[in-house]
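Peer 1: Provided herewith is a single structure, encoded as structure tokens, for subsequent inquiry.
The values are calculated or read from the model by the stated rules, or taken from the named source; none is laboratory data. For clarity, every value in this text was computed on a predicted model and none was experimentally measured. Note that we place each Cβ from the backbone using ideal geometry, even for glycine, and neighbour counts take in every protein chain shown. Quick note on the areas: whole protein, heavy atoms, side chains included, nothing else; ligands and nucleic acids left out. Shrake-Rupley method; radii C 1.70, N 1.55, O 1.52, S 1.80 Å.
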Amino acid sequence: MDAKSVDPEKAAAGDVCDADCVMPVRSANPIRARSLIRDNLEKQAGCLNLIHSRMPNIKVFSGTSHPDLAQRIVDRLGIDLGKVVTKKFSNLETCVEIGESVRGEDVYIVQSGSGEINDNLMELLIMINACKIASASRVTAVIPCFPYARQDKKDKLAGSDDNEEAKKLAKKNYDWKFRSRAPISAKLVANMLSVAGADHIITMDLHASQIQGFFDIPVDNLYAEPAVLKWIKENIPEWKNSIIVSPDAGGAKRVTSIADRLNVEFALIHKERKKANEVASMVLVGDVKDKIAILVDDMADTCGTIVHAADRLVEAGATKVYAILTHGIFSGPAISRINNACFEAVVVTNTIPQDGHMRDCPKIQCIDVSMMFAEAVRRTHNGESVSYLFSNVPY
């Protein structure tokens, strides 16, 4: 009997893909040889089923900033979260140990720009570098909330707000006050990620979409807009009598897109700042009388802007005010401001952990966007287009 012959009954049943994949049989006994072939084929079938029961050659690791989102992503993908140990030395240096082989794997690291942002950013850089030098074929940083995104241009006044001499000089020389020495920190973060070894970035609702141009590697900037539209239609019964409002001129493009898809009107509020986190004045452009006002913005930090905007909308005759934000940072007095404001609800996504905020403020509601990141990971891994996610929620 030939060493590579196959059981005719199994071949007829289609259980054998290729006789070349069968190990050579050394037994001279035909019955023994057929038994060895059968055992070998069954082992191979078991291995193939195991491989195809999950996504092959992919590993997803989580940093310490948002493990819940990472777990939701892998649950959606049907795989297990990769093993990683993160700790700090006594001098507060970050130490990361990848607990499994990543050689030749497509690696995704989930780390959001929240909490202790500087520590989390350093942890992400170390994890990327650890995977890269461990021979990972590709390392993708999944950063739901991109850190330092607001420092994307040089627009700060030179000199401190508390420096009276600097103020006097600025008044005398109009051009001088625009010669800013402020850093473009978003570009610095982009360089750090690239140098660490990141091959690809997946993020959501960048504060300025031009930040994608800071990178020399591919960046997929997902949008929360499809999930926001779905939430509005499901949770605001009178949404057809609503008006979408941008709390600043920079968000006009965002609100017009949502208003067009809902077939409702839009408005915007022009604000002027004297210094960071302090709004001097607000001017409403649009008619909100007897309508439900829905404030839409990419992020809220101390919430001074949206609270002032909500008061302005109520003064202008809005019946109800909702706020929908992609990144709910909620630092400083944000929670107390929301509790005391006239919002029906403040809706945020879980790009940043919101459990603590929701306990402290019953007005805060959360939209889960883990399915969008999971689908982006799946499509990226399989070499498929991600643009479907720009206008659809992959439920």
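Peer 1: Just to be sure, is residue 202 under 15 Å from the mean Cα position of the chain (by Cα) and not in a helix (DSSP H, G or I)?
Peer 2: yes
Peer 1: Select from the stretch 321-344 the residues that are without any contact (Cβ under 8 Å) to a residue 60 or more places away in the chain and either under 23 Å from residue 230 (Cα atoms) or charged (D, E, K, R) (or both) and list them in ascending order.
Peer 2: Let us first name the residues in the stretch 321-344 that are without any contact (Cβ under 8 Å) to a residue 60 or more places away in the chain, namely 321, 323, 325, 328, 330-344.
Scanning the stretch 321-344 gives 321, 323, 325, 328, 337, 343, 344.
Peer 1: Also, I was wondering about something else. Can you confirm whether residue 232 is crowded, with 20+ Cβ neighbours inside 10 Å, outside any helix (DSSP H, G or I) and of a type outside the set (Phe, Trp, Tyr)?
Peer 2: Working: crowded, with 20+ Cβ neighbours inside 10 Å: yes; outside any helix (DSSP H, G or I): no; of a type outside the set (Phe, Trp, Tyr): yes.
Here the answer is no, as residue 232 does not meet what is asked.
Peer 1: Still on this model: Pick out the one residue from 82, 63, 113 that is modelled with pLDDT of 90 or more, open to solvent by less than 20 Å² (accessible area, probe 1.4 Å), of a type outside the set (S, T, N, Q) and farther than 21 Å from residue 136 by Cα. Explain how you work it out, then say what you get.
Peer 2: Working: 82 fails: farther than 21 Å from residue 136 by Cα; 63 fails: farther than 21 Å from residue 136 by Cα.
113 is the lone residue from the list that is modelled with pLDDT of 90 or more, open to solvent by less than 20 Å² (accessible area, probe 1.4 Å), of a type outside the set (S, T, N, Q) and farther than 21 Å from residue 136 by Cα.
Peer 1: Considering only the stretch 314-334, how many residues are touching an Asp or Glu at 6+ places or on another chain (Cβ under 6 Å), buried (at least 18 other Cβ atoms within 10 Å of the Cβ) and farther than 22 Å from residue 243 by Cα?
Peer 2: The total comes to 1.
Peer 1: For the stretch 372-381, indicate whether the set of residues that are out of contact with any helix residue (DSSP H, G or I) (no Cβ under 8 Å at 6 or more places or on another chain) and either on the phi > 0 side of the Ramachandran plot or without any contact (Cβ under 8 Å) to a residue 40 or more places away in the chain (or both) is non-empty. Spell out the reasoning first.
Peer 2: Start the filter on the stretch 372-381 by keeping residues that are out of contact with any helix residue (DSSP H, G or I) (no Cβ under 8 Å at 6 or more places or on another chain), which leaves 380-381.
Next, only the ones that are either on the phi > 0 side of the Ramachandran plot or without any contact (Cβ under 8 Å) to a residue 40 or more places away in the chain (or both) stay: none.
No, the stretch 372-381 contains no residue that is out of contact with any helix residue (DSSP H, G or I) (no Cβ under 8 Å at 6 or more places or on another chain) and either on the phi > 0 side of the Ramachandran plot or without any contact (Cβ under 8 Å) to a residue 40 or more places away in the chain (or both).
Peer 1: Considering 290, 297, which residue is in contact (Cβ under 8 Å) with a residue 24 or more places away in the chain and open to solvent by 40 Å² or more (accessible area, probe 1.4 Å)? Can you show your working first?
Peer 2: Values: 297 fails: open to solvent by 40 Å² or more (accessible area, probe 1.4 Å).
Of the residues listed, the single one that is in contact (Cβ under 8 Å) with a residue 24 or more places away in the chain and open to solvent by 40 Å² or more (accessible area, probe 1.4 Å) is 290.
Peer 1: Another question, then. In the stretch 131-149, what residues are of a type in the set (A, V, I, L, M, F, W, C) and either open to solvent by less than 10 Å² (accessible area, probe 1.4 Å) or part of a loop (DSSP other than H, G, I, E, B) (or both)?
Peer 2: Step one: of the stretch 131-149, the residues of a type in the set (A, V, I, L, M, F, W, C) are 131, 133-134, 136, 139, 141-143, 145-146, 149.
Across the stretch 131-149, the qualifying residues are 131, 134, 136, 139, 141, 142, 143, 145, 146, 149.
Peer 1: Given the options 242, 209, name the one that is free of Cβ contacts under 8 Å to residues at least 60 places away in the same chain and under 16 Å from the mean Cα position of the chain (by Cα). So that I can check it myself, show each step before the final result.
Peer 2: Working: 242 fails: under 16 Å from the mean Cα position of the chain (by Cα).
The match here is 209.
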